[in-house]
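**Student:** Take a look at the following structure, please.
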Amino acid sequence: MLEQAQRVLKDIFGYDSFRGRQAAIIECVASGGDALVLMPTGGGKSLCFQVPALLRPGLAVVVSPLIALMDDQVATLDELGVAAAALNSTLSPEQQRELAGRLRRGEVKMLYLAPERLVQPRMLEFLRTLDIALFAIDEAHCVSQWGHDFRPEYLQLGQLAELFPHVPRIALTATADMRTREEIVQRLHLQGAERFLSSFDRPNIFYRIVPKESPRKQLMAFLGERRGNAGIVYCLSRKKVDETAAFLCEQGFPALPYHAGLAAETRSANQHRFLNEEGLIMVATIAFGMGIDKPNVRFVAHLDLPKSMEAYYQETGRAGRDGLPSDAWMAYGLQDMVMLKQMLQNSEGDERHKRIEQHKLDAMLALCEETRCRRQSLLAYFDEVLEQPCGHCDNCVDQVQTWDATEPARQALSAVYRTGQRYGVGHLVDVLVGKDTEKVRNFGHEKLSVFGVGKALSEHEWRSLFRQLVARGLVDIDLEGYGGLRLSDSCRPLLRGEVNLQLRRDLKPQTVAKSSGGGSPASQLVRAEERELWEALRALRRKLAAEHSVPPYVIFPDSTLLEMLRSQPTSLSEMAQVSGVGARKLERYGEAFLDVLNGGEGEEAPKVVLDLRHELVSLARAGMTPAQIAGQLNCSEKNVYSLLAEALGRQELTLEQALDLPEELLMEVQDAFLDGEGELPPVATVSALFGPRVPEGVLHCVRAALAAEFEL
């Protein structure tokens, strides 16, 4: 069985060997056994059911919660030559009938379904008339009522055990603590299933968490080293998503918003663009989640604190699914805690549920203020022991220092108590450093014994101290009032002098911003001397993806292109040895990529490092000005205008997307071209009318757009 599996892996998927526990899982399911698979994002979960599906006779049914995820997997399998289909609400009744006919005739090997469709009695009856190879239940943690991705329909999937007693079932998830694992087993009736629990570790991700000082500046410092790479920026509120996306576009970064408040067609269009174009940044709430199967997301940034370690792990896990270096960066502050605690207090649910959520939030805060290795702390939460510090997180790289904060902490607690346990951090810091503000004078706090006792510390250090006191539970946030601080029972031993307190010493804000990448940025996948050939390979991939109407990574992921770049195959037999190049893709694309690698410039493989049309159109559609595009693509504005004119001539852009020109002036320029009769006048003629007021490149663009529109 394993020998056949190896052959399928190489011939169809193009990989030489299985990773981790894949081989054992595949052998179990292909032999007819049930399995519960816990494997980190990017660990190769899909192969665990796709390979057994190809080894067993009949139809494999895959339960997937999102249409985007189904479509992506179907497109990937289609490129590999595997007959796959998705049955969902995007199909018309006629298309559904046609698919039913193909299923009856045995022409489909893998069928993707949403759980709500699968559990419909008619669907189950139909499936009972077919030869079913296996059931794969993806994102199985959705069955957990305590999880943040709970889907009620998943609870009904347990009936598959009774209706199809001899069909193997495999449940897969990347995020499940012990409680959730037991819930999956119980609700899906997998008591007899073999359990395969892989490590939660994502060694290619560099974790960094910084105190929130000037979040936009900090984000810009982080993104500045990662231009041209795809990434996700998570925010807590819809308003902040819209504002951050607009801000990034103003700063020259192609960014799109995504949240539940946008129209469904806008969300769908933005998600489609993020998956299909390169170098875009998605600014999103957690509504942007499970459907993201894009392997080359190079970074995930959090501008607000996630609600739990599960959420943090899942969201950061969307970076680096291809195994290449990636970054997880977060800025968090005391206000995040206030907001999340208020949201929790106002949420629906019983007290037990709220207590569980509070414990999860406390664990998240502890990770933020951790002085030891972040990865050790994160894995410990999921009951996994990492023996040695990872050496690949901010705490390991920066060698975080601690300091004896016992006396300053007592002063801070005293300030909370003496001001009446009702003020926020800003006012308490003013009192401690002795700042003469109107608010301090109004309340008579300049007369308190704690006024000015903390001048030895900076305001930044006091804010860090208060944040850590809250994270350690020594101070509570008063949610009944206005988010002021009050003492908790656990601070008494410290006040009585019975214990000492060691806290982390935060880096100064400007140092944090500069070192936010953690050594070399993950964006530097290729060396300077390799960049030209790398861009040529990516350009060919974009061209082929556009021709086949699939995302670029479906043609080949970055990891495969990188291996091509480094191994430099010169023949089809050598190309077949590159990881990720299966028989079908070798036949379809092998010659074209060899042509680029060998310096060819034939029609099938144009050496389009110089041809940046596709990227330029993406950037213009994202709202970037010609000047910003020139900076992004590292070329002259003259070249940008020339390429924009070509794109306008092909009607790939509108003038409003292409040009940064006031509407009145744009209409004036258009009128100048249209004043004559018949043919459009040459640019030089119109240029004389406007002089330096309108750059010549703008005129070329307007003329090209008008010529295309009127077919002149």
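**Student:** Pairs please, first residue from segment 195-224 and over 30 Å from Glu183 (Cα atoms) and open to solvent by 30 Å² or more (accessible area, probe 1.4 Å), second anywhere and hydroxyl-bearing (Ser, Thr, Tyr) and assigned to a loop (DSSP other than H, G, I, E, B), Cβ atoms under 6 Å, 6+ apart in sequence or on different chains.
**Tutor:** Pairs that qualify, where the first residue is over 30 Å from Glu183 (Cα atoms) and open to solvent by 30 Å² or more (accessible area, probe 1.4 Å) and the partner is hydroxyl-bearing (Ser, Thr, Tyr) and assigned to a loop (DSSP other than H, G, I, E, B), are Ala221/Ser516.
**Student:** Output the number of residues of segment 544-562 satisfying the condition of being within 24 Å of the chain's Cα centre (by Cα) and part of a helix (DSSP H, G or I). Show your work before the answer.
**Tutor:** So in segment 544-562, the residues within 24 Å of the chain's Cα centre (by Cα) come out as 545-546, 549-562.
Filter once more, so that each one left must be part of a helix (DSSP H, G or I): 545-546, 552-555, 558-562.
Going through segment 544-562 one residue at a time, the tally reaches 11.
**Student:** If you check Met309, Met282, which single one turns out to be in contact (Cβ under 8 Å) with a residue 12 or more places away in the chain, over 19 Å from Met70 (Cα atoms) and in contact with a Gly (Cβ under 9 Å, 6 or more places away or on another chain)?
**Tutor:** Met282
**Student:** What number of residues within segment 563-579 satisfy the criterion of being open to solvent by less than 20 Å² (accessible area, probe 1.4 Å) and either in a helix (DSSP H, G or I) or under 21 Å from Ala230 (Cα atoms) (or both)?
**Tutor:** Selection size over segment 563-579: 3.
**Student:** Looking at segment 115-172, which of its residues are of a type in the set (D, E, K, R), surrounded by fewer than 19 Cβ atoms within 10 Å (Cβ to Cβ) and not in a loop (DSSP other than H, G, I, E, B)?
**Tutor:** Those that are of a type in the set (D, E, K, R), surrounded by fewer than 19 Cβ atoms within 10 Å (Cβ to Cβ) and not in a loop (DSSP other than H, G, I, E, B): Glu116, Arg117, Arg122, Glu125, Arg128, Glu153, Glu162.
**Student:** Within segment 82-99, identify whether any single residue is without any contact (Cβ under 8 Å) to a residue 24 or more places away in the chain and of a type in the set (Lys, Arg), and answer yes or no.
**Tutor:** Yes, because at least one residue in segment 82-99 is without any contact (Cβ under 8 Å) to a residue 24 or more places away in the chain and of a type in the set (Lys, Arg).
**Student:** Restricting attention to segment 344-372, and to residues there that are among the polar types (S, T, N, Q) and not in a loop (DSSP other than H, G, I, E, B), which single residue is surrounded by the fewest Cβ atoms within 10 Å (Cβ to Cβ)?
**Tutor:** Asn346
**Student:** Do we have any residue at all in segment 596-613 that's modelled with pLDDT of 90 or more, in a helix (DSSP H, G or I), open to solvent by 10 Å² or more (accessible area, probe 1.4 Å) and not aromatic (Phe, Trp, Tyr)?
**Tutor:** Residues of segment 596-613 that are modelled with pLDDT of 90 or more, as a first pass: 596-597.
Within this subset, residues satisfying the condition of being in a helix (DSSP H, G or I) are 596-597.
Subset that is open to solvent by 10 Å² or more (accessible area, probe 1.4 Å): 597.
Subset that is not aromatic (Phe, Trp, Tyr): 597.
Yes, because at least one residue in segment 596-613 is modelled with pLDDT of 90 or more, in a helix (DSSP H, G or I), open to solvent by 10 Å² or more (accessible area, probe 1.4 Å) and not aromatic (Phe, Trp, Tyr).
**Student:** If I go through segment 149-181 residue by residue, how many of them are in contact with a Ser or Thr (Cβ under 7 Å, 6 or more places away or on another chain) and farther than 22 Å from Cys28 by Cα?
**Tutor:** Number of matching residues: 2.
**Student:** Yes or no: segment 288-307 includes at least one residue that is open to solvent by 10 Å² or more (accessible area, probe 1.4 Å), under 20 Å from Ala114 (Cα atoms), not small (Gly, Ala, Ser) and not in a loop (DSSP other than H, G, I, E, B).
**Tutor:** The answer is no, given that none of the residues of segment 288-307 is open to solvent by 10 Å² or more (accessible area, probe 1.4 Å), under 20 Å from Ala114 (Cα atoms), not small (Gly, Ala, Ser) and not in a loop (DSSP other than H, G, I, E, B).
**Student:** In addition: Just checking, does segment 69-87 include any residue being of a type in the set (Gly, Ala, Ser) and in contact with a Gly (Cβ under 6 Å, 6 or more places away or on another chain)?
**Tutor:** No, every residue in segment 69-87 fails to be of a type in the set (Gly, Ala, Ser) and in contact with a Gly (Cβ under 6 Å, 6 or more places away or on another chain).
**Student:** Pick from Leu54, Leu9: which is open to solvent by 10 Å² or more (accessible area, probe 1.4 Å) and aliphatic (A, V, I, L, M)? Spell out how you get there, then give the answer.
**Tutor:** On the way: Leu9 fails: open to solvent by 10 Å² or more (accessible area, probe 1.4 Å).
Exactly one residue qualifies, and that residue is Leu54.
**Student:** What's the number of the only condition in (1) among the β-branched types (Val, Ile, Thr); (2) over 30 Å from Asp478 (Cα atoms); (3) touching a residue at least 40 places away in the same chain (Cβ under 8 Å) that Thr266 fails to meet?
**Tutor:** (3)
**Student:** Within segment 442-467, restricting attention to residues that are modelled with pLDDT under 90 and open to solvent by less than 20 Å² (accessible area, probe 1.4 Å), which residue is farthest from Leu367 (Cα to Cα)?
**Tutor:** Taking the candidates together, the pick is Ser464.
**Student:** Say whether the condition of being free of Cβ contacts under 8 Å to residues at least 24 places away in the same chain and part of a helix (DSSP H, G or I) is met by at least one residue in segment 226-240.
**Tutor:** Yes, because at least one residue in segment 226-240 is free of Cβ contacts under 8 Å to residues at least 24 places away in the same chain and part of a helix (DSSP H, G or I).
**Student:** Can I ask one more? Note down all Cβ pairs under 8 Å where the first residue falls in segment 3-28 and is at positive phi, the second is in a loop (DSSP other than H, G, I, E, B) and β-branched (Val, Ile, Thr), and they're at least six residues apart or on different chains.
**Tutor:** The qualifying pairs are Gly14/Val578; Gly14/Val581.
**Student:** Are any residues in segment 211-235 out of contact with any Asp or Glu (no Cβ under 8 Å at 6 or more places or on another chain) and farther than 23 Å from Glu277 by Cβ, and if so, which ones?
**Tutor:** Glu213, Ser214, Pro215, Arg216, Lys217, Gln218, Ala221
**Student:** I've got another one for you. Among helices (runs of 4 or more DSSP H) lying entirely in segment 383-480, which contain 3 or more residues that are under 20 Å from Met330 (Cβ atoms)?
**Tutor:** Hits in segment 383-480: 394-398, 459-471.
**Student:** Still on this model: Scan (1) out of contact with any helix residue (DSSP H, G or I) (no Cβ under 9 Å at 6 or more places or on another chain); (2) crowded, with 22+ Cβ neighbours inside 10 Å; (3) at pLDDT 95 or above for the single condition Met70 breaks and write down its number.
**Tutor:** The failed condition is (3).
**Student:** Return yes or no: is Leu689 in contact (Cβ under 8 Å) with a residue 24 or more places away in the chain and of a type outside the set (Lys, Arg)?
**Tutor:** Against the criterion (in contact (Cβ under 8 Å) with a residue 24 or more places away in the chain and of a type outside the set (Lys, Arg)), Leu689 does not qualify.
**Student:** Looking at the structure I just gave you, is Ala60 farther than 19 Å from Ile555 by Cβ, assigned to a helix (DSSP H, G or I) and of a type outside the set (Lys, Arg)?
**Tutor:** For Ala60, the condition - farther than 19 Å from Ile555 by Cβ, assigned to a helix (DSSP H, G or I) and of a type outside the set (Lys, Arg) - is not met.
The values are calculated or read from the model by the stated rules, or taken from the named source; none is laboratory data. Because the structure is predicted, anything quoted here is derived from the model rather than measured. Neighbour counts run over all protein chains shown; Cβ positions are idealised from the backbone, glycine included. Accessible surface areas use protein heavy atoms only, side chains included; no ligands, DNA or RNA. Shrake-Rupley method; radii C 1.70, N 1.55, O 1.52, S 1.80 Å.
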